[in-house]
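Worksheet: the structure to be examined is printed underneath.
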Amino acid sequence: MRMITLSDIPARGGSPMTPAMALFMLALATAPFWLPAVGLYQYLGIEVAIWLIFALGFNLLFGYIGLHSFGHGAYLGIGAYAFGLFQQEIMVSLWGGLLAAILAASLAGAVVGAFLSHRRGIYYALMTIGFGQIVWFCAIKLHGVTGGEDGLLGIPRPDLVVGPIRYSLADNYSLYWFVAAILALVVVALWRLVNAPFGRVLQAIRQNETRARFVGYNVWLIKWLTFILSTAFAGLAGGLFSMAQEGAYPDVMSLHQSGLIVMMVLVGGGLVSFWGPVLGVILYFVARDIIGGVTETWLLWFGLMFVIMVITRPEGLAGLLHVVGARLRKKSAPGAVPVRKEA
Amino acid sequence: MALFVAENLRKRFGARVVLENISLSIEEGSVHGIMGPNGAGKTTCFHVLTGHHRPDGGRITFDGRDITGKKPHQIARLGVSRSFQIMNLFDDTVVIENVILALKQFRRNGMNLLRDVFSDTKLIDQAIDVLDQVGLAHRAWEKAAELPYGERRALEIAVALAPEPRIVFLDEPTSGLGTEATRALAVLIRKLRARYTIVLIEHDMRFLFDLADRISVIHWGQVIDENTPDELQSNKWVARSALGEVA
């Protein structure tokens, strides 16, 4: 069976109001009302939303342009520390902190990306791990700035201030609404981006870098920009994460976290669909909480699921849904089998 | 004045000198052939001319402009296009997107976030026009990877033509084609010569002698002769070294 790819699902310009988008927004807008009812809790919604921002930005790099970073936890961590340091050293400000998180992560991304962008494949992957470890090591060793292995503790959740309105984000319920609003903006922006010419160029570079270069694209520049863009989203997620956790610690940027995001995106089907990372993140957290409620060894079962998925449907959950959907459509309309003239 | 000039190009990989001394002068509107035995340095020569490799010495000018050492995308944007001996396409996507991605109008909007791709009918019409030139318009919405070999060859050429280049470098376009497809390709190139300057690496001598206005013969990384096909056939040395049974 031929593997399907992102490019199989056609570009859809125009309005982002697709059924998948509607479903996603509906779930986002109603989560606080049904999360406790199904035995889960409010904080899970925040966690999932933050990881979704991280994962969707990451998939720009991983799925769309096909550059495999195994060190993206570093930028999540940089965002978390930048947010915390801004609150503790400069001033308590929500927007200031988030901006600092985005800027710090993208600045680091710009420097690292400059070293990476003439590479691809295994060399690219190894270098991202190398740089990720450097950042992690710095976070542990720079006691004076980062608090060493303890990290930054007691990071406040600043109030949301828009004009004269002041809204406290101290409880998880209100923080969820804030994070969900940011996630909604991120989803619409990214959806637009990947369906615009820019997104098609990213996919062209994934398919054939040489050809892209010879039809006139500055491949190095585009690879660099995409890396920075993905680190900016990671930084944003990191800033929100330190706010949710009220702390930042080296664990956030460990190799483990970097691997986790790759696994989520792969299991969900980020290589096949814009919505792949969404499925992957949700599956991971639901597995953690539901299987984790039954057994301590939940990661073993999740790992097994990952292995089975890679063996049977390497395109992930989104790929599975796509194939099942195509089959159902064929069954319900047997006359409508696509006609293809064989040469 | 010639459109594309290479003077005394040299290129070595480690201890291996691949291009010893290459000089070419390609007139606007001509079909210029490049021939020579295997390993003579023809493809390396194309790689150096189109920016894939940086030359170790010598000078390349295009339309009076020095392009020596420029990057492939910079050279491409000036109006130099190429195809590859080994197929180089965007395989996961449909035929027409291969062409759209190469259109100048699309590339200039490549960073635009508000435009749509496939709802721009002007781009689609333009891409269909290009596909029509190589006889692939009926395949526009099929996956590039699923085309038969000969049509993939034609698509290579379509992608090279899409940016409206002034000069097109074709690296062995007949390689792997049957007699029938080769004949069709000759017809196509004869049609294209009215609009583009064409440089052609070719092993198929009948094909090349039939189409080219002038031919440079490369051997041991040097241009050992350059002349019209008729004159070349009378050169015994060239005949023996490169032409084989045809001459």
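The values are calculated or read from the model by the stated rules, or taken from the named source; none is laboratory data. This is a predicted model, so every value here is computed, not measured. In this analysis, Cβ positions are derived from the backbone assuming ideal geometry, glycine residues included, and neighbour counts consider all displayed protein chains. Note: accessible area is taken over every heavy atom of the protein model, side chains too, but ligands, DNA and RNA are not part of it. Shrake-Rupley method; radii C 1.70, N 1.55, O 1.52, S 1.80 Å.
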| request: Per DSSP H run of at least 4 residues, take -39500 (n - 2.57); add these up for chain A, divide by its residues and hand me the 222 nm value, nearest 500 deg cm²/dmol. | output: -22000 deg cm²/dmol
| remark: Shape descriptor, chain B: equivalent ellipsoid semi-axes (Cα gyration tensor, sqrt 5λ, whole Å, largest first) stand at 31, 22, 15
| task | Give me the Kirkwood hydrodynamic radius of the protein assembly as shown, using the inverse of the mean 1/r over all pairs of distinct Cα atoms, in Å to one decimal. | result | 26.7 Å
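With each run of n ≥ 4 DSSP H residues scored as -39500 (n - 2.57), what mean residue ellipticity at 222 nm is computed for chain B after dividing by its residue count and rounding to the nearest 500 deg cm²/dmol?
Details: 9 runs with 80 residues, N = 247.
Taking each H run of at least 4 residues, the total per residue is -9000 deg cm²/dmol.
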| said: Need one value: the accessible area of A:E246 in square angstrom, 1.4 angstrom probe, rounded to the nearest 10. | reply: 90 Å²
| note | Share of accessible surface on carbon and sulfur in region A:6-332, whole %, 1.4 Å probe and ligands ignored, is 72 percent
| query | Once both labels are modelled 7 Å past Cα along the beta-carbon direction, what's the A:I134-A:Y167 spacing in nm? | reply | 4.1 nm
| Euclidean distance between Cα centres, region B:159-211 to region B:1-71, Å | 19 Å
| said: Less than 26 Å apart at the alpha-carbon level, and either on another chain or at least 8 residues along: which lysines does that give for B:K122? | reply: B:K104, B:K143, B:K191
| message | Between helix A:219-245 and chain A, what is the angle of the helix's C-alpha long axis to the longest principal axis, kept within 0 to 90° and rounded to the nearest 10? | response | 50 degrees
| note | Of A:V286, A:V265, ordered by accessible area with the largest first and a 1.4 Å probe, the sequence is A:V286, A:V265
| said: If the elastic network links every pair of Cα atoms under 10 Å, which of A:F306, A:F33, A:F54 fluctuates the most in the Gaussian network model of chain A? | reply: A:F33
| query | With solvent modelled as a 1.4 Å probe, how much accessible area in total do chains B and A shield from it at their shared surface, in Å² to the nearest 100? | reply | 3100 Å²
| Helix A:172-195 sits at what angle to the longest principal axis of chain A, using alpha carbons and giving 0 to 90 degrees rounded to 10? | 40 degrees
| message | Students sometimes get this wrong: rank B:K11, B:K104 by accessible area, probe 1.4 Å, all chains present, largest first. | response | B:K104, B:K11
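If the only charges are +1 at each Lys and Arg Cβ and -1 at each Asp and Glu Cβ, what is the size of the charge dipole of chain B around the Cα centre, to the nearest 20 debye?
Dipole of chain B, to the nearest 20 debye: 720 debye.
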| query | So for A:W224, A:W34, what's the accessible-area order with a 1.4 Å probe, most first? | reply | A:W34, A:W224
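Summarise the accessible area of chain B (1.4 Å probe, protein heavy atoms) by the percent that is carbon and sulfur.
About 47 percent, which is the carbon plus sulfur part of the accessible surface.
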| Residue among A:I78, A:I50, A:I182 with the largest mean-square fluctuation in a Gaussian network model of chain A, springs linking Cα atoms under 10 Å | A:I182
| Principal axes of chain A: Cα extent on each, largest first, Å | 69, 51, 46
| query | Helix by helix, which DSSP H runs in chain B go 15 Å or more along their axis at the Cα atoms and have an average Kyte-Doolittle hydropathy of 0.0 or more? | reply | B:121-133, B:149-161, B:179-192
| message | Let me spell out the model: positive unit charges on the Cβ of Lys and Arg, negative unit charges on the Cβ of Asp and Glu, origin at the Cα centre of region A:6-332. What dipole size does that give, in debye rounded to 20? | response | 1520 debye
| task | Compute the acute angle (0 to 90°) between the alpha-carbon long axis of helix A:121-141 and the principal axis of greatest extent of the alpha-carbon atoms of chain A; round to the nearest 10°. | result | 10 degrees
| For region A:47-126, alpha-carbon Rg and Dmax in angstrom | 14.1, 42
| Excluding ligands, DNA and RNA, what is the solvent-accessible area per residue of the protein assembly as shown at a probe of 1.4 Å, expressed in Å²? | 43 Å²
| remark: Probe 1.4 Å, all chains present, heavy atoms only: B:E164 accessible area in Å², nearest 10, is 100 Å²
| remark: Expressed in square angstrom to the nearest 10, the accessible area of B:R12 with a 1.4 Å probe stands at 120 Å²
| request: Within region A:239-263, which residues have the backbone N less than 19 Å from the label spot 7 Å out from A:T295 along Cα→beta-carbon, could you tell me? | output: none
| task | Set the Förster distance to 41 Å, then compute FRET efficiency between B:R206 and B:A15 from the Cβ-Cβ distance, nearest 0.05. | result | 0.65
| message | Please compute the average number of Cβ atoms from other chains found within 10 Å of each residue's Cβ in peptide B:87-97. | response | 5
